Amino acid sequence: SEHEIVTEGYQDRTHLSLFVGYPIVERPGEELMVWTTTPWTLAANVAAAVNPKLIYVRLKQGDRIFYVGKDAVANAIKGEFEILDELKGEDLLGLTFTAPYDDFPANAGVRHVVISWDDVSAVEGTGIVHIAPGAGKEDFQLSKVHNLDVIAPLDESGIYMDGFDWLIGEYVHDVATPIMRDLEKRGFLYRSQQYTHRYPVCWRCGTDLAFRLVDEWFIAMDALREPMMRVTKEINWVPGFGRERELDWLAHMDDWMISKKRYWGLALPIFECESCGTFEVIGSEEELAARAVEGWQEFEGHSPHRPWIDGVKIACASCGSQVSRIKDVGNPWLDAGIVAFSTLDYRADKAYWEKWYPADLISESFPGQFRNWFYSVIAQSTALADRPAFRNVFSYALMRDEKGEEMHKSKGNAIWFDDAAEVSGVDVMRWLYSSVNPSHNLNFGYKTLDEIRRQFILPFWNSYSFLVTYARLDGFDPTDPDSDIPLEERTLLDRWIVSRQNQLIETVRENLLTYRPELAAQALEKFVVEELSNWYIRRNRRRFWKSEADRDKAAAYRTLYDVMVTTVRLLAPFIPFLTDEMYRNLVTSVDAAAPASVHLNDFPVADASQIDEKLSRDMAIAMEVVALGRSARSESNLKVRQPLAGILVYTRDPEAYAAAESLQELILEELNIKSIAPLEELGEVVSYGIRPNLSLLGPRLGRQLGEVRGILTELDPAVVARTVNAGETLHIALRDGTAIPLDPREILVDLVKRPGFAAAQGEIGTVVLDTEITQELLHEGIARDFVRGVQDARKSAGYRIDDRIEINYTAEGETATAVDVFAAFVKNETLADRLTIGEPGEMDGAFVATIEAGGEQIAIRIRKVAH
């Protein structure tokens, strides 16, 4: 037997709570005061439980004598009373009593006894709990220990069955008040109250649930436990802790309940003889046909479901009586677990089954599947084939709302798929799903999707748009053989981006083949956003702006086109709709022989000959130096348009500095700095502040933290910083001689920059900027501000990128001097044929704007020049 409860959790519920006096048979005139929060179960009461370790009291109130837990008296008893004596809970064991509904036919012959239960508490109630094994899980378990009668009062609809007198036909949740009034009328009720407690509820409609005792069918699992654990260990689990979860479930699982009291479902092929008790499991429709003595003709041709299957009768193998199938249907997971056999013609074509068995992958959400689907598949594959049904498991956690809370329609925080797809686009949703760590819950919402669009989808689209815009302007034809310039003849940046893409192909393929889509997605996003968009395209814009067609421009187009098409193919499984749109425009629109869709292409394969490991590594170092330099600039509030004198690189890796030096032209231009040099000793320009990481050290060291903090202040900060930056453990000795090892994460190192310098730390080391601004640097910075303002004005005026212009401006002081000194630079950057200061003269039709340079507002006038 098993208690049937369908729920996804418990909620705080307020119910009618009753304090009931049960007369003790052996002690006339004395009563157990028993507490229950579920009045409906009193009709099936069998025993009362006490904790043998607790102290109970015998007290008198009026003309009644009660037994109550000593610590429960204040809660249970109302009004004046007299304590007669104390006794241990064990002294009450074995007492028998009279229950309120002994006169019900269903309770005939039931003996009510006091039993032991260590979980009984005197914190609430009376310290004595009524026990109804047919109406509660723990109660049922106690009936097995104490050999109690079991009375099941409810049918499958929660209605009292025959044998329960005036309760017959009543719904379980309608009887609390009538039972209370009946008990009160007959002198059993001491008092009642409303009580809030955790109670099982239906996850769909919120209705309170009731425990119901039913007969069920089980598969004994002890013989399969060890084989299933062995098979589980042969499977690759992603994330890895899934394996441990499954093994833990298998180590502690009970027998498998396979039956359900429902109408629709897998009809269990169990035929139980009512005459002799023999039951048989029929193994196939052929066996059923051979054994059938009635109903086969009506069943033949139908699926093995009710009502057709129920018409088939067989003869009992033991006594020959006619036997019907049991009415139960199978647990749905029993049906789901056989899919690896039923869908592959296991019985009809064993060779075909062997060809495709086991499957490469099974995937589902974490919660529940370890003891449901995964468990069922492993159980049946172990029993039938003694090996896994799948090689790999890819599982993931739950989807929550943006605040991390469960989504429910009743809470108003649920988002329907159609709505999200309409508002945000399915590719945005797919990228979110693909890139999330599968071991963590996914917080889903429109703000999250907007961030995905902003951080990844738009940069990817903008890169595509950049290529398409300029390719159309210049008439670039990717099918033209002349555009296919050999890679070795292209620029360093061209060769680098091609090298990086081939490395990316290797990374993506490896992670997809090992079922780590989030690692593949992370690598793709870094490539698209940081390397392709923010580095390669941004640094190569000028090559596409050239008005004349030359070999360098052709190489730029060829490189960007090939990289873009390959990236589209790499991303196709992740964002299939956007990539197919791009592919059709980039490829099929110009090449009729190409596959009609990106999804009809083979997945990219890396070309090892195009990978330059050293160049890829060197460029990664250069990009990190640039990132650190920008961070240092930002901290010092120095915008990039202001030139600086120099950058110093401190690193313990000579190859890292050599890489930075070899690509110094890129670094200096990116950071707008005049020179780069190594820094031999960081202490020349930077000092350190050392402090303990309290969030880590506090819980570990406790009272020793204060002494450790003091010792850290006495150590050489440079030595501590060097140890921490090297990832090594710092060993310190307390005054009592105790050695304390400190992990690098437990020490915080703060850079303290000396005046005139800014610095930032990274994996390669530390980058230091000389922030002193000379007069010449100041003027160049103002000129760059001026150029930026003119470029913005060109856009506002609607000029083409290659339009030549003339500029007239009004400025004074440092700004006028700066523009004059750097006039050639200004004219070159803005495509200006003339640059004049003062009165505009003949500039009819000029576009007028006000820009900022050097902290001043400057009036400018620009006009296109005809050529």
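The values are calculated or read from the model by the stated rules, or taken from the named source; none is laboratory data. Bear in mind that the values here come from a model prediction, so they are computed numbers and not experimental data. A quick note on method: Cβ atoms are made from the backbone with ideal geometry, for glycine too, and the neighbour counts reach across all protein chains shown. All accessible areas refer to the heavy atoms of the entire protein, side chains included, with ligands and DNA or RNA removed. Shrake-Rupley method; radii C 1.70, N 1.55, O 1.52, S 1.80 Å.
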| said: Charges at C-beta only: +1 for Lys and Arg, -1 for Asp and Glu. How large is the resulting dipole of the range 584-640 about its Cα centre, in Debye rounded to 20? | reply: 380
| query | Which ³J(HN,Hα) values in Hz, rounded to whole numbers, follow from the phi angles of the range 117-131 under the Karplus curve 6.51 cos²θ - 1.76 cosθ + 1.60, where θ = phi - 60° and Gly and Pro get x? | reply | 8, 5, 7, 5, 10, 9, 5, 9, x, 10, x, 10, 10, 7, 10
| Cα-based helix-to-principal-axis angle, 137-146 vs the chain, degrees rounded to 10 | 50
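With a/c under 1.5 counting as rounded, go ahead and sort the range 521-594 into rounded, prolate or oblate using the C-alpha gyration tensor (a ≥ b ≥ c being the square roots of the eigenvalues; past the cut-off, prolate if a/b is larger than b/c, else oblate). Before the final figure, lay out the partial values.
Details: a/c = 2.89, a/b = 1.26, b/c = 2.30.
The shape class here is oblate.
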| field | Average Cα contact separation per residue, the chain, under 8 Å, 6 or more apart, as relative contact order % | value | 7
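When the helices in the chain are scored as -39500 (n - 2.57) per DSSP H run of 4 or longer and the sum is shared across all residues, what 222 nm value do you end up with, to the nearest 500 deg cm²/dmol? Present the calculation step by step, with values, prior to reporting the outcome.
Working: 30 runs with 310 residues, N = 867.
Helix-only estimate at 222 nm: -10500 deg cm²/dmol.
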| Built amide H within the under 5 Å cut-off of Glu30, gap 5+ | Ile24
| query | For the range 620-631, what does the Karplus curve 6.51 cos²θ - 1.76 cosθ + 1.60, with θ = phi - 60°, yield as ³J(HN,Hα) per residue in whole Hz, taken in order and with x for Gly and Pro? | reply | 4, 5, 4, 5, 5, 4, 5, 4, 5, x, 5, 4
| query | Between Ser17 and residues 5 or more places away or on another chain, which pairs have amide H atoms under 5 Å apart, with H built 1.01 Å from N, and which residues are they? | reply | Gln193, Gln194, Tyr195
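Using +1 on the beta carbon of Lys and Arg, -1 on that of Asp and Glu, and nothing else charged, what's the dipole of the chain about the Cα centre, debye to 20? Display every interim value, and only then the final one.
Details: 92 positive and 135 negative charges, 212 e Å.
It works out to roughly 1020 debye.
Taking the Cα centre of the range 783-832 as origin and charging only Cβ (+1 Lys, Arg; -1 Asp, Glu), how large is the dipole, in debye to the nearest 20? Intermediate results must be reported in sequence, preceding the final value.
Working: 7 positive and 9 negative charges, 52 e Å.
Charge dipole, the range 783-832, about its Cα centre: 240 debye, nearest 20.
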| query | Using alpha carbons only, how many degrees (0 to 90, rounded to 10) separate the axis of helix 551-571 from the longest principal axis of the chain? | reply | 0
| request: State, as an integer percentage, the relative contact order of the range 303-398 based on alpha-carbon contacts under 8 Å between residues 6 or more apart. | output: 26
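Percent of Cα-Cα pairs more than 24 Å apart in the range 150-291, please.
On the way: 6247 of 10011 pairs.
Result: 62 percent of Cα pairs exceed 24 Å.
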| task | Would you pull out the residues with amide H under 5 Å of Val865's amide H, same chain only if 5 or more places away, H placed 1.01 Å from N? | result | Arg804, Ile805, Glu806
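Counting only heavy atoms of protein chains, what accessible area per residue, in Å², does the range 500-602 have with a probe of 1.4 Å? Could you put the intermediate results ahead of the total?
Numbers: 4380 Å² over 103 residues.
On a per-residue basis, the range 500-602 sits at 43 Å².
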| query | Which of Ile314, Ile782, Thr815 sits farthest toward the positive end of the charge dipole of the chain, with +1 on the Cβ of Lys and Arg and -1 on the Cβ of Asp and Glu? | reply | Thr815
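Leaving out ligands, DNA and RNA, what percent of the accessible area of the chain is carbon and sulfur, probe 1.4 Å?
Details: 21480 of 43180 Å².
Carbon and sulfur: 50 percent of the exposed surface of the chain.
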| request: Rounded to the nearest Å, what's the spacing between the alpha carbon centres of the range 249-311 and the range 524-553? Just the number, please. | output: 69
| Signed unit charges on C-beta, dipole axis of the chain, positive-most listed residue Trp545, Asn725, Val293 | Trp545
| Loop-located GluC sites (Glu not before Pro) in the range 508-572, at most 14 other Cβ atoms within 10 Å (DSSP) | Glu548
| request: Restricting to the chain, compute how many DSSP beta bridges are antiparallel as a %, nearest 5. | output: 75
| remark: Per the charge dipole of the chain (beta-carbon charges, Lys/Arg positive, Asp/Glu negative, Cα centre), the residue among Ile338, Val150, Ala44 reaching farthest to the positive end is Ala44
| note | Rounded to whole angstrom, the alpha-carbon centroid of the range 20-97 lies from that of the range 796-820 at a distance of 97
| request: Give the distance, in whole Å, between the Cα centre of the range 719-792 and the Cα centre of the range 602-670. | output: 17
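Eigenvalues of the Cα gyration tensor times 5, then square-rooted: what semi-axes does that give for the range 598-680, in whole angstrom, largest first?
Numbers: eigenvalues 200, 61, 21 Å².
Semi-axes, largest first: 32, 17, 10 Å.
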